[in-house]
1. If you average 1/r across every pair of different Cα atoms in segment 118-180 and take the reciprocal, what Kirkwood value do you get, in Å?
2. With no solvent and one point on each alpha carbon, what is the Debye value of log10 I(q)/I(0) for segment 145-274 at q = 0.10, 0.11 Å⁻¹?
3. Compute a Gaussian network model of the chain, connecting alpha carbons closer than 10 Å, and tell me which residue from 125, 21, 397 fluctuates the most.
4. Have a look at 339, 244, 196 and tell me which one the Gaussian network model of the chain (Cα, springs below 10 Å) gives the largest fluctuation.
5. Over 17 Å, how big is the tail of the calculated P(r) for segment 214-294, in percent of all Cα pairs?
6. When the Cα centres of segment 309-331 and segment 22-66 are compared, how far apart do they sit, in Å?
7. Would you calculate the volume per residue, in Å³, of the smallest convex hull containing every Cα atom of segment 333-407?
8. Can you give the angle from 0 to 90° between the axis of helix 266-285 and the longest principal axis of the chain, with both taken from C-alpha atoms, to the nearest 10?
Ligand code: HEM
């Protein structure tokens, strides 16, 4: 049996409940938020460590290091939560590839969980200890945390890349004809792709700092000079980081050219052009433009990256006859409707409430009192959650009863 047929046979025999493109779009869309927080975490964590060792150069570095340590702490939890959605969607339409890649490096997938836990604990120790007058040696906890997060990123990359190379699977599974079920090797790493994506954390830290400076403008305890320092540093980081990322992008493009015909694809070059555009905007308007606007431009770059990754995947798998558009569909409209209503209704109201509440509370010094809009959104969130819980159970009980009495 050839590998293309094998991949199609490995698909879930139950099929999928809605058109595959729906899952593909959701996968690409949700991954943007995952990678945004990955980059924000790496960028702010790196800055926290750098600032920690520059504390003797002035009070601002101490403050910045403490603030960035806190940002990275929140970033890790968000990148994990926001990784779940694309993981689920990948497993729906690319299940043969994702499971094979996972089994081929199974030990590393287990290591991933433990290193994530140890890394997060380590970062927390740094977070609790990174106060004024903290000892230099606590910096080791930060290095361990960031190092382990990097390793986790490499594992994630390997799984994504191994999924694209079905022609190699047999060699990895049984090198020289001898079966190796240890799962102890990270077989497929494309350094240019991994380093390019990770390098974006430097400009991400820059854009984050610019938005940070604008966000805290309303707080009297964040004086103008400190925010100007953060902004200036942000512009510098974004500019230097983007130049560096552009070089790594060209390296990835060269690798893609060697491996397939993708070097001339317009979306790949659009990604490069969008980075150049962001570089231009930062150089020209970095000191004047609102930090949120530049951050929005950064999200646009990540959107193109997400689409580009998917195009790359399609191009790698099509020659083997793997095309998600012919995935067997067994339409299940009620569950599709329930999913979208949950996504928009509960996600929109509960998620929207928390985002707005945290956004506004952070801009006030001392105690925050919710205004009318926030308290109304809070009520709406509780109502939506109650409604969702009732619907969830009623729907489940109806299905259960109909299967009991239907037979
Ligand atoms: C510190 C932890 C993590 C880091 C640094 C990280 C980083 C990354 C990076 C760099 C990629 C892109 C790989 C590539 O395209 O070459 C990626 C993809 C991905 N990550 Fe994460 N990630 C982390 C944790 C997680 C977690 C906990 C989940 C799920 C719960 C997750 C789900 C995903 C998914 C689904 C993809 C896309 C895979 C694909 O398209 O085939 N990640 N991650």
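Coordinate-derived values only; no laboratory data. What you see is a predicted model; the values in this text were computed from it and never measured. Virtual Cβ from ideal backbone geometry, glycine too; neighbours counted across all protein chains shown.
1. On the way: mean 1/r = 0.0695 Å⁻¹.
Computed over Cα pairs of segment 118-180, the Kirkwood hydrodynamic radius comes out at 14.4 Å.
2. -0.50, -0.58
3. 397
4. Comparing 339, 244, 196 in a Gaussian network model of the chain, the most mobile one is 339.
5. On the way: 1817 of 3240 pairs.
For segment 214-294, the fraction of Cα-Cα distances above 17 Å is 56 percent.
6. About 33 Å separates the Cα centre of segment 309-331 from the one of segment 22-66.
7. On the way: hull volume 5.8 nm³, N = 75.
Normalising the Cα hull of segment 333-407 by residue number yields 77 Å³.
8. It is inclined by approximately 10 degrees.
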